Amino acid sequence: MDTYGEKTIFLTSKEYSNYLKYNYGINYCNYSKIFKCDDQKDTYILTFDGLIIGETYIFIKIPEGLIVRIGHRWQA
């Protein structure tokens, strides 16, 4: 996913645990589990909260893959 010159990589819990073993000094960040949007078909939501920024990602499943949108963003 390309986010205006930065890359965001989604990891499974196992991959993230392995990542932490070899990468120290990582900034605090918290990702929610991906959950289905109640009132929309094939739509999922994931939230991210960091120390100074947070975002809500909306994933819409289409035959070709996924459409990814940022639904809400906050910054301190």
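Hey, got the dipole for the chain? About the Cα centre, +1 on K and R Cβ, -1 on D and E Cβ, debye to the nearest 20?
180 debye
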Q: Go through K7/K41; K36/K61; K33/K61 and tell me which ones have a Cα-Cα distance over 22 Å in this structure.
A: K7/K41
(Q) At q = 0.16, 0.23, 0.25 Å⁻¹, what log₁₀ I(q)/I(0) does region 24-64 have when each alpha carbon counts as one equal point scatterer in the Debye sum? (A) -0.50, -0.77, -0.83
Q. Taking only DSSP H segments of four or more residues, each worth -39500 (n - 2.57), what value at 222 nm results for the chain once the sum is divided by all its residues, to the nearest 500 deg cm²/dmol?
A. -4000 deg cm²/dmol
**Q.** Sites excluded, trypsin sites (Lys or Arg not before Pro) in DSSP loops with at most 16 other C-beta within 10 Å, longest stretch of the chain
**A.** 42-76
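All of the numbers you see were taken from the coordinates with simple rules; none came from a lab. Everything numeric here is computed off the predicted structure, so don't read it as measured data. As a convention, Cβ positions derive from the backbone with ideal geometry for all residues, glycine included, and neighbour counts pool all protein chains shown.
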